[in-house]
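Just so it is clear, none of the values below were taken in a lab; they were calculated from the coordinates. Predicted model, so just to flag it, every value in this text is computed and none were measured. Heads up, the Cβs are rebuilt from the backbone with ideal geometry, glycines too, and the neighbour counts pull from every protein chain shown.
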Amino acid sequence: MPIEIKELNIRINVCDDQPGASAGGARIDEETRQSIVAQCVEQVMEIISKNQDR
């Protein structure tokens, strides 16, 4: 028997006055960002190549 969700309540608390909190997450340098992008492109190209071989 499937369950039907009719109402979903989500509650969060956001506090801006926490010391050491940075907006947007951690900062990375340009070299690290380029390395991550290159790895992502390589993985995407491998997936595309595998899909074309099928």
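Peptide packing: for 45-51, 2-8, the average count of neighbouring Cβ atoms within 10 Å per residue gives the ranking 45-51, 2-8, highest mean first.
Taking packing as the residue-averaged number of other Cβ atoms within 10 angstrom, the listed peptides 38-44, 9-15 run from highest to lowest as 38-44, 9-15. The 3J(HN,Hα) values that the Karplus relation (6.51, -1.76, 1.60; θ = phi - 60°) gives for region 5-16 are, in residue order, 9, 9, 8, 10, 10, 10, 10, 9, 10, 10, 10, 8 Hz. Gly and Pro appear as x.
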